[in-house]
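First the structure, in the form of C-alpha cells, and then the observations on it.
The values are calculated or read from the model by the stated rules, or taken from the named source; none is laboratory data. Predicted model only: the values in this text are computed from it and were never measured. Positions of Cβ are backbone-derived with ideal geometry, glycine not excepted, and every protein chain shown enters the neighbour counts. The area values use the complete protein model at the heavy-atom level, side chains included, leaving out ligands, DNA and RNA. Shrake-Rupley method; radii C 1.70, N 1.55, O 1.52, S 1.80 Å.
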Amino acid sequence: HARLPALTRKLQGVVQGVLLEAHLRERRSRGAQFVEDVCAEVIERSKELRTNKKATRMQKRNALTYLMRALSKAGVSHHKAAVPASQRSLMAWYLQPALDVPALLLEPTSGSTTILMEDTTTATAHLRVEALPPPVALAAGAAFQKAGAYYFRCMARMQRLWELATSFSRDVSARDVEMSTHMCEHLLYLQRRMRRMLGRLAREHASLNVTCSLLGALEGAGGGRRMPPQAAVRGHLWSQKTALDAACQVGTEAALLLEAVAEVHSGRSTAAVRALTAVRTANRQLAQCKARADHYLLGDGRGGAAQQAGAVPGVTPLVITPEMQSSLEANFAAGRAVLAELHAVFPPPLNAAACIPGTPLALLHHAGGGDKAMEDAP
C-alpha cells in the first residue's frame, strides 16, 4: 500500500508517453484525415468519370493508377503474400472470434468506463474510476456499431469482387484486376486485425477497471476498513452463482410449462394463473440476483464472452471487497424470500423439491447457512 502513490505516477507516465503525447495525437489525426481525403476524392472522381460520356479509357486507367498509388502510400499492399495464407479463405473469415461491443462503448453508467486520474484531494495519490461524458461514450458506441456493419458489408463485397474478377471490363487489364483484388483482400485483412486489436483493448480495459476497483478496496482497507474473509466469501459467491444459473433455467422452463397450461384452460384455471404469476415474479427476482453475482464474477455482463473468459472459479475475484459480501448476503435474503413466496403458492408435494439435494431450490434453501459460515471463517 505504501508504494501505491509511486506506482500510480509511474503508470500515468507510461500512459502519457504511449497515448497522450501531442505528436502522437497529431500523427493519428493526419492518418485519419488522409483516409477521409482519399475516400472523398474517389467518390467524386468516380462520379465524374461515370457521368462524363467523353471520358476516355486512358483517363479511367490513370484514375485507377492514382488510386492504387494512394492506397499503397497508406500501407495497402497489392502483393498476395501480404495476407497470410491462413487468412485468405472465406472459411477463415467466419472462424474469427466474435467481437462483442466493448463495455466502455456501451451506454455509460456510473463507473462503467475508466479514465486514469491522480486524485489530489487526499494525502495519498491513487487511481480512481470515472465515467466518460455520456455524449462521448454514446458517439463512440454508435461509431463502433457502424464500423461493424461496414466490415460485414466489405466481406460480402469481397466475395462479389471475386466473382466479377473472372469477367471484367475491357477498360482495365488483367493485371489491374489482380492488383485491385489483392489490395481489397489486404484492406479486409487489416480490418480483421484492427477488430482483434480492439477486442484485446476491450479486455485490457476491463482488467484495468477491475484493478482500479481492487486498488481502491485495498486503500480503503488500509484506512481501517474491515475486509471480509476472502476464501469463504469467494467460495460462496461461486456456489451462489451455480445455484442461481440453475434456478433461472428451471424458472424459465417452469414459466413456459405454466403458460401452456394456462392457455389450454383459457385462463379459467385460477390455480394455473396464480402459479404462473408467482413463477414470473420469482424469475424477475432471481434474474436480479444473478446479475448482482455475475457483476463481480464475470464483469458487468456487457463485455461478452471475451471478457468473461478470464473468470476462474475459486480464484476470481482476486480481492473480495465489502460490497461483494453485501451483495452476497442480499442474494441470500432474496433467495429465501423467493422460496417463501413459492411455498405459499405451490402445494406441499412441490415444496418437497427444496429438500432434494443438488436441486436449485435446495441450493437456495440452504444458502442462508452461508452467513454463519462467513462469520466462522478465519
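Here the condition is being at pLDDT below 90, surrounded by 15 or more Cβ atoms within 10 Å (Cβ to Cβ) and in contact with a helix residue (DSSP H, G or I) (Cβ under 7 Å, 6 or more places away or on another chain); of M227, M158, M179, M183, it holds for M227 alone. In this entry, S77 is excluded by the filter for residues that are open to solvent by 60 Å² or more (accessible area, probe 1.4 Å), more than 25 Å from Q145 (Cα to Cα) and small (G, A, S). The residue of region 275-298 that is modelled with the highest pLDDT, among those that are open to solvent by less than 20 Å² (accessible area, probe 1.4 Å) and under 30 Å from E204 (Cβ atoms), is C289.
Within region 316-339, the residues that satisfy the criterion of being at pLDDT 85 or above and open to solvent by 60 Å² or more (accessible area, probe 1.4 Å) are S326, E329, R336.
For the subset of region 80-118 comprising residues that are among the small types (G, A, S) and open to solvent by less than 60 Å² (accessible area, probe 1.4 Å), which member is modelled with the highest pLDDT? Among those that are among the small types (G, A, S) and open to solvent by less than 60 Å² (accessible area, probe 1.4 Å), it is A82.
Just to be sure, is A149 modelled with pLDDT under 90 and either assigned to a loop (DSSP other than H, G, I, E, B) or not acidic (D, E) (or both)?
Numbers: modelled with pLDDT under 90: yes; either assigned to a loop (DSSP other than H, G, I, E, B) or not acidic (D, E) (or both): yes.
In short, yes.
In region 85-114, the residues that are closer than 20 Å to C154 by Cβ reach residues that are modelled with pLDDT under 70 and basic (K, R) with C-beta atoms within less than 8 angstrom, at least six apart or across chains, in these pairs: V101/R302. The number of residues in region 78-93 that are closer than 19 Å to E163 by Cβ and in a helix (DSSP H, G or I) comes to 5. Here L67 fits the description: farther than 13 Å from L187 by Cα and surrounded by 16 or more Cβ atoms within 10 Å (Cβ to Cβ).
For beta carbons closer than 8 Å, sequence separation of 6+ or different chains, a first residue in region 1-15 that is outside any helix (DSSP H, G or I) and a second that is of a type in the set (A, V, I, L, M, F, W, C) and modelled with pLDDT under 75, the qualifying pairs are H1/L218.
Report yes if some residue within region 23-30 is acidic (D, E), at pLDDT 70 or above, within 30 Å of L7 (Cβ to Cβ) and open to solvent by 50 Å² or more (accessible area, probe 1.4 Å); otherwise report no. Yes, there is a match, as at least one residue in region 23-30 is acidic (D, E), at pLDDT 70 or above, within 30 Å of L7 (Cβ to Cβ) and open to solvent by 50 Å² or more (accessible area, probe 1.4 Å). Scan region 250-259 and give yes if some residue there is in a helix (DSSP H, G or I), modelled with pLDDT under 80, open to solvent by 60 Å² or more (accessible area, probe 1.4 Å) and not aromatic (F, W, Y), otherwise no. Checked against the condition, which is being in a helix (DSSP H, G or I), modelled with pLDDT under 80, open to solvent by 60 Å² or more (accessible area, probe 1.4 Å) and not aromatic (F, W, Y), region 250-259 yields no hits at all.
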